[in-house]
1. From the list LEU111, LEU104, exactly one residue is in the same structural domain as ASP10 (by TED's automatic domain parsing), closer than 21 Å to GLY294 by Cα and buried (at least 22 other Cβ atoms within 10 Å of the Cβ). Which is it?
2. Quick check on my filter: what residues within the range 609-619 are over 35 Å from the mean Cα position of the chain (by Cα) and closer than 25 Å to ASP478 by Cβ?
3. Does any residue in the range 499-517 that is more than 23 Å from PRO455 (Cα to Cα) and free of Cβ contacts under 8 Å to residues at least 12 places away in the same chain come within less than 9 Å, Cβ to Cβ, of a residue that is among the β-branched types (Val, Ile, Thr) and surrounded by fewer than 10 Cβ atoms within 10 Å (Cβ to Cβ) six or more places away or on a different chain, and which pairs are these?
4. Take the range 492-522 and flag every residue that is part of a strand (DSSP E or B) and either of a type in the set (A, V, I, L, M, F, W, C) or not assigned by TED's automatic domain parsing to the domain that holds LEU439 (or both).
5. Among the residues of the range 164-199 satisfying the criterion of being at pLDDT 90 or above and of a type in the set (S, T, N, Q), which is nearest to ASP106 (Cα to Cα)?
6. Just a yes or no: is a residue in the range 327-338 touching a Cys at 6+ places or on another chain (Cβ under 7 Å) and either under 30 Å from TYR42 (Cα atoms) or not aliphatic (A, V, I, L, M) (or both)?
7. Among the residues of the range 327-353, how many are under 20 Å from LEU400 (Cβ atoms) and of a type in the set (A, V, I, L, M)?
8. Checking PRO525 against (1) part of a helix (DSSP H, G or I); (2) more than 46 Å from the chain's Cα centre (by Cα), only one condition comes out false. Which one?
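The values are calculated or read from the model by the stated rules, or taken from the named source; none is laboratory data. Just so it is clear, the model here is predicted, and its values are computed rather than measured. Cβ sites come from the backbone with ideal geometry, for glycine too, and all protein chains shown count toward neighbours.
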Amino acid sequence: MIIGTAGHIDHGKTTLVKALTGVDTDRLKEEKARGITLELGYAYVPLPEGPVLGFVDVPGHERLVHTMLAGATGIDFVLLVVAADDGVMPQSREHLAILELLGLTDGAVVLTKVDRVSPARRQEAQAEIAIWLASSPLATAPVFTVSSLTGEGIPELRAHLVQRALRATSRRTGGHFRLAVDRVFTLAGTGTVVTGTAHSGQVAVGDRLVISPQGLPVRVRSLHAQNQPAQHARGGQRIALNLAGVDKAEIRRGDWIVAPDAHHPARRFDARLRVLASAPRPLLSSTPVHLHLGSQDVLARLLPLDRDAIEPGGEGLVQIVPDRPVVGVHGDRFVLRDAAATCTLAGGVILDSEPPARHRRSAERISWLEAEAAPDALTALCAVSPLGLDLARFARNRNLRTEELAALVAATGLRRVQGPDVDWLTGSSQWQALCERVLTRLAAHHAQEPDALGPDRERLRRMSLPTVPRGLYRAVLDDLLASGRVVLTGAALHLPEHRVQLAPAEEALWGRLRPLLASEPFLPPRVRDIARAQLLEENKVRLLLKRVARTGQVCQVAHDHFFLTEAVAALADIVTAMAGDEGVTAAAFRDRIGTGRKLAIQILEYFDRSRLTRRVGDRHRLRTPI
């Protein structure tokens, strides 16, 4: 369990931690000289029962709230410290507001320095605290009266913390590993070390991680969890990572160490925001703020989404646009302070870490964000999305591992489409909408071009579903073909009732020409050779074959070469088999089908145009199937 302190400067937070742990967390010379905490301090107490209590001591000075926020992120339990002689002070109030905004509701109140005051003042201070906390999440928290000098109340507080730690269960082991860096240093003979609280996931010695948002790859040489050497660690622990592949100068407080699958820096995010009643003014569009997210502190702009301004004490949906990329996922909490960093304004929780920059205030977008906040978000999001839900994006936004996503999807009972280039979720209405869009566009094409049998797969995709993943379009089309609602004739897709008919004279002439193409399917005669052999005009033969191509019986591979559709299908199978991972050359293809080099090149270029292959240098490589 990670325990954090909070409270006004000189209210005894550091002395309290020393009384509980025996560790003086003020390690800097300036801290010793001035007698105040300037940086985050850490202490650990191994318990005989197994768990380790980890303490994060934060500064209480008003100018060091940014440091306090860096330390408060990721803690499980808070000790809200109030000195008996001073009572509730300005930073007491601001720290409490920050704790509420961060969602930290589990803790205890510690009334310190009771050896300095009379019994009457003790009671007066306790009453003041009770009134102060009455409407806060810590209203029912236990209050301990202690003296760190005499030891009064320390055993009772320590016993309470031990019991809380023994009852605590890890709630952050799911998801990919994410650690918010709050300290970076170098040890002789060891190298670069970073420390922080792990927000999620697990890590082990030897793991390859990424420094985010920079994207620098690193490897874990060794690690400590809760100040103990370990081979692995998990979310909810204080962790020190000895990293290979990076210098100290390349990392700073505010960076994250994450699993490669969790490296998704955000240039903006949408969130639900609560403005403190003490905020000096409403938050308007483009209000400049300091954004505190994890251990990060960056300047940002605030853009209200569902209203023009959020009044003090109010809530609303907002988009936050930081001045540089940040790291955050759905559910992460953040705090906003004013541009001068003099007062805390608001705080919230991230809903979407990949929001659009345009149409962000549309009714559809607001519905999406409300669905993001729903208890059953997966089903709710699918319901408000006309064409279904991109599960890869959903998993990124929520930092879900593969098996965690699969369990959520299985619970919905909705249709999942998976493939190399798609992971999509749809309900029956969305699936029907996808199918209807393809059928509608196909019917419109038939009406516009009645003499054409139909478009090929790629053209129909561009006409009907250009914005969805190819794999989803492929699944929809396969469903339509399997059900007979769409028919494939050669390379042409068409509705079952649509036909391109030849006139009787054309049909008779085609009956004479077809055997000529079938006699040598991979080397059919050219148009002029057919015309000469049949004593026909060359242009008449070419126009007829183009007309036949619209029925799907032949394909025009080159200006002067028409192949039977079944011959093209056989050639496509040969190209697919020969291409493998390296692609096929014109020379190898020529030798395989027994034609001249020029015709082999024309056939391969036809397959490039048909998007079966693409040319890379002197080779033709297979494309991802449409």
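1. LEU104
2. ARG609
3. none
4. Answer for the range 492-522, where residues must be part of a strand (DSSP E or B) and either of a type in the set (A, V, I, L, M, F, W, C) or not assigned by TED's automatic domain parsing to the domain that holds LEU439 (or both): ALA492, LEU493.
5. THR197
6. Yes.
7. Counting residues in the range 327-353 that are under 20 Å from LEU400 (Cβ atoms) and of a type in the set (A, V, I, L, M) gives 5.
8. So PRO525 meets the others, but not (1).
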